[in-house]
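Taking it in order: structure first as structure tokens, then the write-up.
The values are calculated or read from the model by the stated rules, or taken from the named source; none is laboratory data. Predicted model, so just to flag it, every value in this text is computed and none were measured. Here Cβ is always computed from backbone atoms with ideal geometry, including for glycine, and neighbour counts include all displayed protein chains. The accessibility values were calculated without ligands, DNA or RNA, using every heavy atom of the protein model including side chains. Shrake-Rupley method; radii C 1.70, N 1.55, O 1.52, S 1.80 Å.
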Amino acid sequence: MNAVASSIAEALEADDPYRSFAEIKRVLEQHLRQINPQIRTRRTGYYNHTHMPDLVMRWPHDDDLSDRYVYLRSTTDADELEFDIRRLARQDRPIVLALGALRPSFDARALDSLAIDHHTLVLDLAAFAELTAGESADAALRRLIANTVIEGGQGLLDERSVSRLARAMTTGAQAARRGEREGTEDALAFASDTLSPPIARRLTAFLGTLWRASGAPVAALERAPRYPQQLDELSLDYLLEGQEIPDGNFWSRIANEITLTDLLRHGRITATDNLQHLMRAALSTWNARVCGVAPSSVAARRDAAPLHWTTGEGVLSFDAPGFVVTLAQKVEHLTSSAPRAAYELPALDEVGNRLPLLGLSLKAITLVNGGGKVAYEGEVGALHGDRLRRLSESLGPGTLVKTLEAALPPSGLPVRYNFSTRTASVKPPRGSVPLLELVNTSIRLFTDLSQAEEERLVEVIPSGGRTLHAGIDHDMQGTEPPAD
């Protein structure tokens, strides 16, 4: 008996039935949130009621998914459970949880068929315990399976059938990753038989994505979705937090299936190996809108902690010695994730020297000198070189750059670089530019990279030829194009 079953069994021994069921509901809520922190649960004041649920589950991040009602039952008699199922509303997608072990003598097929017909999931205590706390070498995949069953499972699941489901899905995910048809087809069949159609389609999309990312031909998979569907959050969670997949070609195909926007919708992810693999592939594939560069307390030395990507609070961050790069959908998301100070402005000469190295063509620039401010707009690319030096001399010493707008190659879309906040944003706001170009130009305009620091940076983020120091290799080692 695992911790879930033990806690519920202990609560059942309480003399006061109201207190007993209140404790059981608390235990259930706790373990449901461990499966998926975004699940919202509401306890009702009822217990063992024929029509009124004990818990109401809601998925606020998924508008297409209706509430699901949970009914706790002290009985494990199949006839009594059938009686209850017939009286529950199909549209509430009920979960009937029998607080004990179902009797082995009952007709499982009849109860299973009735539950499927009424869009109801029937679990006994051992099945729920196995679903929420069963042992698995891949915890992220186990959470995905458990959440999928809680969201859309139907029919009868006892402990043995939950174990079979977990094995089938684990084997299926591994088979899909390797492009092995038999195991993948078995998992797709299990999903179709066990889940309601909307949730089955979601899991099919997940397995289909793994299959395509393996490089196997889509036509070879009979049950694959005809059209690619978007990965849901828990599926992406499995990919990024599950066991490491070092295959660069796999991640190149995944990067073509999702976007930066999809990743920003995800919750916090630590610097997992798979996130690093994904970003290595996505740098040259994805577009971005907003980038911020802030100082970091990490020592700027070659033996410092590895440069890595993390996500959280709607932003994607790259931690490097001396600074942190943050990507978001809006500038406001940068300021909400971490307070940003007003930074010291750079000298006009300093910025002017960097612009040609980065291939940027000026559209507009705002300069500050003492208490005054001068703005130039229009095509001012001719300010490079001697013209820029003469402008600096005419404005006098101490001329600083507050903002500039430049056309970012190769798209030519204008990007506004704000040196007082160290943020770069695409104009118009809904536009986007290649992620790699936005990150590279932002880092090199907003920070003072030494040659050693820049050499280390390009090991993770290829410069594309935009470096501040001569003699640095522009290509990232180990990067391979995806296989056909």
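The table for this structure:
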{"quantity": "Given (1) in contact (Cβ under 8 Å) with a residue 40 or more places away in the chain; (2) under 14 Å from Ala126 (Cα atoms); (3) of a type outside the set (D, E, K, R), number of the condition Val96 does not satisfy", "calculated": "(1)"}
{"quantity": "Criterion (small (Gly, Ala, Ser), modelled with pLDDT of 90 or more and either open to solvent by 40 Å² or more (accessible area, probe 1.4 Å) or not in a loop (DSSP other than H, G, I, E, B) (or both)) met by exactly one of Ala364, Ala424", "calculated": "Ala424"}
{"quantity": "Top-ranked residue of segment 394-410 - restricted to ones that are in contact (Cβ under 8 Å) with a residue 24 or more places away in the chain and either under 14 Å from Ser361 (Cβ atoms) or in a helix (DSSP H, G or I) (or both), ranked as farthest from the chain's Cα centre (by Cα)", "calculated": "Leu395"}
{"quantity": "Qualifying positions in segment 450-462 - closer than 15 Å to Phe318 by Cα and either assigned to a loop (DSSP other than H, G, I, E, B) or of a type in the set (S, T, N, Q) (or both)", "calculated": "Val458, Glu459, Val460, Ile461, Pro462"}
{"quantity": "Filter pass, Thr76 being open to solvent by 20 Å² or more (accessible area, probe 1.4 Å), modelled with pLDDT of 90 or more and in contact with a strand residue (DSSP E or B) (Cβ under 6 Å, 6 or more places away or on another chain)", "calculated": "no"}
{"quantity": "Complete set of residues in segment 3-20 that are part of a helix (DSSP H, G or I), surrounded by 14 or more Cβ atoms within 10 Å (Cβ to Cβ) and in contact with a Ser or Thr (Cβ under 9 Å, 6 or more places away or on another chain)", "calculated": "Val4, Ala11, Leu12"}
{"quantity": "Qualifying residue in segment 149-159 (condition: among the aliphatic types (A, V, I, L, M), under 21 Å from Leu12 (Cβ atoms) and touching a strand residue (DSSP E or B) at 6+ places or on another chain (Cβ under 8 Å))", "calculated": "yes"}
{"quantity": "For Ala173: the one exception among (1) open to solvent by 10 Å² or more (accessible area, probe 1.4 Å); (2) in contact with a Leu (Cβ under 9 Å, 6 or more places away or on another chain)", "calculated": "(1)"}
{"quantity": "Of all residues making up segment 145-170, the number that are touching a residue at least 40 places away in the same chain (Cβ under 8 Å), among the β-branched types (Val, Ile, Thr) and open to solvent by 10 Å² or more (accessible area, probe 1.4 Å)", "calculated": "1"}
{"quantity": "Of residues in segment 253-283 being open to solvent by less than 30 Å² (accessible area, probe 1.4 Å) and of a type in the set (S, T, N, Q), the one farthest from Arg212 (Cα to Cα)", "calculated": "Thr272"}
{"quantity": "Residues (assigned to a loop (DSSP other than H, G, I, E, B) and surrounded by 20 or more Cβ atoms within 10 Å (Cβ to Cβ)) located in segment 89-108", "calculated": "Arg93, Pro94, Leu99, Leu102"}
{"quantity": "Meets criteria (surrounded by 16 or more Cβ atoms within 10 Å (Cβ to Cβ), within 24 Å of Ala11 (Cβ to Cβ) and among the aliphatic types (A, V, I, L, M)) for Leu111", "calculated": "no"}
{"quantity": "Long-range neighbours under 8 Å by Cβ, at least six apart or interchain, first residue assigned to a loop (DSSP other than H, G, I, E, B) within segment 26-49, second at pLDDT below 85 and among the acidic types (Asp, Glu)", "calculated": "Gln38/Glu233"}
{"quantity": "The listed residue being more than 29 Å from the chain's Cα centre (by Cα), at pLDDT 80 or above, surrounded by 13 or more Cβ atoms within 10 Å (Cβ to Cβ) and more than 22 Å from Val426 (Cα to Cα), out of Asp319, Asp349", "calculated": "Asp349"}
{"quantity": "Residue in segment 374-391 that is more than 27 Å from Glu454 (Cβ to Cβ), hydroxyl-bearing (Ser, Thr, Tyr) and modelled with pLDDT under 70 present", "calculated": "yes"}
{"quantity": "Filter pass, Phe83 being in a helix (DSSP H, G or I) and modelled with pLDDT of 90 or more", "calculated": "yes"}
